[in-house]
Ligand code: UDP
Ligand code: MG
């Protein structure tokens, strides 16, 4: 029998894990019983009873594995750790909050088994139940990142995906510290089939992402997959230098031939501000990339394990 690995990142999900487990377990027993399975919970440094609940489940079922981080490393790290520990022929990534409906899994596997595809992903056809501002900012993010980056980032794509082994091995070979999985999944190539589904609201607990975190995540994504921002600043720098140069010539001509060099204070100030702004913007972008390079060269581990049960 083929082995199916289900990788589930969890951060403070004590309310959701029992609900999730009930659902996935009945699915495995009823619809997916032609597979061996392993369920891998990645506890991303939760500070509630998440780890205890997971341990309790795993003590009752040897197919349930867990890995617990020494602190919160973020979902991207949890995904990496889960994939790294998975042994399956098919590997599924899904959230614990049931926003990635387990009921889609059989269809996803069927599509994957049709040989043609190396991965099947889900994307939301609607974002109903989501705050307007979040939908808007997310649309803007996908628009910008796809304009800037050569790697296509699919709009509405979730991290709810199933992969064949060889694709997971390729994903793991991309071992950068600043991880943007949506981009990495595309970057490694292979053939992905996309399934649409309606957005489902979270049953318990809130989204673990604050606006600020999402903003940083978006910026991370853009920086990880495109260096066009650096070109924008170079371009802005060139344009402003040309404009400044033309302006200097105009002033010199005015001084020499018309002797009315005292142009308005306002225009002087606005040009200083404009150039200053462009400079700060450019330096800011440079700084972002330098800090990324700095973090990568430190070569730190993507996560640190506190405990797991993979040797048991
Ligand atoms: N998650 C995680 N680490 C974090 C934040 C979230 O492992 O630092 C997990 C979380 O437990 C859930 C999944 O990632 O299983 C998606 O989180 P959430 O529902 O908060 O994200 P959203 O659905 O709002 O994008
Ligand atoms: Mg969610």
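Nothing in this text is a laboratory measurement; each read-out follows from the coordinates by a stated rule. Since the model is a prediction, treat every value here as computed from it, not as a measurement. Neighbour counts run over all protein chains shown; Cβ positions are idealised from the backbone, glycine included.
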- Note on the structure: Both in Å, the radius of gyration and Dmax of the C-alpha trace of segment 173-249 are 20.1, 66
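Neighbouring Cβ atoms within 10 Å as the yardstick, rank 50, 107 fewest first.
Values: 50 24, 107 13.
Listing 50, 107 from fewest to most nearby Cβ atoms yields 107, 50.
What fraction, in whole percent, of alpha-carbon pairs in segment 8-95 exceed 20 Å separation? All intermediate terms of the calculation are to be shown ahead of the outcome.
On the way: 1133 of 3828 pairs.
Roughly 30 percent, once rounded to a whole number.
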- Can you tell me the FRET efficiency between residue 242 and residue 215 if r is taken as the Cβ-Cβ distance and R0 is 35 Å, rounded to the nearest 0.05? 0.60
- Query: In the chain, what percentage of the DSSP-assigned beta bridges are antiparallel, given to the nearest 5?
  - Reply: 30
- Task: Using only the alpha carbons, work out the radius of gyration and Dmax of segment 228-298 in angstrom.
- Result: 17.3, 60
- Separation of alpha-carbon centers, segment 99-135 and segment 214-263, rounded to whole Å: 44
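Relative to the present Cα-Cα distance, how much length would full extension add between residue 268 and residue 201 at 0.36 nm per residue of separation? Mind dumping the intermediate values first?
Details: separation 67, 0.36 × 67 = 24.12 nm, distance 5.41 nm.
Between residue 268 and residue 201, full extension yields an extra 18.7 nm.
By counting other Cβ atoms within 10 Å of each Cβ, how are 10, 122 ranked from fewest to most? Don't skip to the end; give the middle numbers.
Values: 10 26, 122 23.
Ranked by crowding around the Cβ, least crowded first: 122, 10.
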- Note on the structure: Exposure-ranked with fewest Cβ neighbours within 10 Å first, 216, 182 stand as 216, 182
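Considering the convex hull of the alpha carbon atoms of segment 119-278, report its projected area averaged over all viewing directions, in nm², one decimal. Don't skip to the answer; put the middle values down first.
Working: hull surface 55.3 nm².
Result: a mean projected hull area of 13.8 nm².
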- Query: In whole percent, what relative contact order does the chain give with Cα contacts below 8 Å and a gap of six or more residues?
  - Reply: 22
- Query: Do you know the relative contact order of segment 228-298, to the nearest whole percent, from alpha carbon pairs under 8 angstrom that are 6+ apart?
  - Reply: 52
- Relative to the longest principal axis of the C-alpha atoms of the chain, give the angle of the C-alpha long axis of helix 265-297, reported between 0 and 90° and rounded to the nearest 10°. 30
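Express the Stokes-Einstein translational diffusion coefficient of segment 70-123 in µm² s⁻¹, to the nearest whole number, given a Kirkwood radius over alpha-carbon pairs, 37 °C and a viscosity of 0.692 mPa s.
D = 256 µm²/s.
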- Query: How high is the FRET efficiency from residue 23 to residue 123, r the C-beta distance, R0 25 Å, rounded to 0.05?
  - Reply: 0.75
- Rg(Cα) / (2.2 N^0.38 Å) computed for the chain, rounded to two decimals: 1.28
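Against the globular-protein guess of 2.2 N^0.38 Å, express the Cα radius of gyration of segment 1-152 as a ratio, rounded to two decimals.
Numbers: Rg = 16.7 Å, N = 152, 2.2 N^0.38 = 14.8 Å.
Rg over 2.2 N^0.38 Å, computed on Cα atoms: 1.13.
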- Determine, at each q value in 0.18, 0.21 (inverse angstroms), the log₁₀ of I(q)/I(0) that the Debye formula gives when each Cα of segment 124-166 is one equal point scatterer. -0.64, -0.79
- Message: Between residue 281 and residue 252, what's the calculated FRET efficiency when r is the beta-carbon distance and R0 is 25 Å? Round to 0.05.
- Response: 0.30
